[in-house]
1. Report, in whole Å, the centroid distance computed from the Cα atoms of region B:54-115 and region A:1-69.
2. Provide B:M76, A:M83 in ascending order of the number of other Cβ atoms located within 10 Å of each residue's Cβ, fewest first.
3. Given region B:1-45, what whole percent of its Cα pairs are spread farther than 16 Å?
4. Just want to confirm a number: the relative contact order over region B:10-115, from Cα pairs under 8 angstrom separated by 6+ residues, in percent.
5. Within region B:16-49, find all residues whose amide N lies under 13 Å from a label point positioned 7 Å from the Cα of B:T80 along Cα-to-beta-carbon.
6. How well do other chains shield peptide A:10-22, expressed as the mean number of their Cβ atoms within 10 Å of each residue Cβ?
7. When the convex hull of the C-alpha atoms of chain B is computed, what volume per residue in Å³ does it have?
8. Whole-Hz ³J(HN,Hα) for each residue in region B:69-79, computed from phi via Karplus 6.51 cos²θ - 1.76 cosθ + 1.60 with θ = phi - 60°, x for glycine and proline: what do you get?
Amino acid sequence: AQSVTQLGSHVSVSEGALVLLRCNYSSSVPPYLFWYVQYPNQGLQLLLKYTSAATLVKGINGFEAEFKKSETSFHLTKPSAHMSDAAEYFCAVRSGGAGNNRKLIWGLGTSLAVNP
Amino acid sequence: KAGVTQTPRYLIKTRGQQVTLSCSPISGHRSVSWYQQTPGQGLQFLFEYFSETQRNKGNFPGRFSGRQFSNSRSEMNVSTLELGDSALYLCASSSLTSGATDTQYFGPGTRLTVL
């Protein structure tokens, strides 16, 4: 069975500091991994996704994530935090296997606060 | 291209009532998925519809049901509401042109409060 663990339900950084949000997954088949962001009172927006084409994935708003199979991780980073990055971030995994069971399995989310 | 729209945005009901939520996917998208989001449980998959057929179903009781119409619009229904059904219900659509790497595009959600 697939699962996603996001370490740290709350992360606080200073404006301009490095952002690191952790995501570890469990999957018996090659996974596809996603990071979404949710701003208050809004739906989720895709930041980036790993599709096995490249282990370092660049997304929107300056975010990137690196797929590390040996560590079963897909951590999200941004070199310099901006106030507008304050939001909830979700990591999700989907099975790459055949068949109709393609639902996304979600982590519980990490709330990012950016301090001035 | 217009995004995923959900109506209504906010809903207040009392225990025992029933509710219907609506979702209009992005034009051309034929897959619609529904999720329940709560602070304690996070995002939980309810079901996915494609071409008016339910393809996947999560672990929710039979009080939760859905359907999809020929124009890909989808509705979900919750009968005999319980306090624990209070949540943000999110709808997501995808084109299914990329298989397992498909991106799901989310609507703003419907905030359901059960009193």
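Throughout, read-outs are computed from the coordinates displayed, never taken from laboratory work. Computed from a predicted model, the values in this text were never measured in an experiment. Positions of Cβ are generated from backbone atoms using ideal geometry, with glycine treated the same way; all protein chains shown enter the neighbour counts.
1. That distance is 23 Å.
2. Ascending number of Cβ neighbours within 10 Å: A:M83, B:M76.
3. 57 percent
4. 36 percent
5. In region B:16-49, the label zone of B:T80 (backbone N under 13 Å from the point 7 Å along Cα→Cβ) covers B:16-18.
6. 0
7. Per-residue hull volume (Cα only) is 98 Å³.
8. Taking θ as phi minus 60°, the curve returns 9, 5, 8, 6, 4, 10, 10, 10, 10, 10, 9 Hz for region B:69-79.
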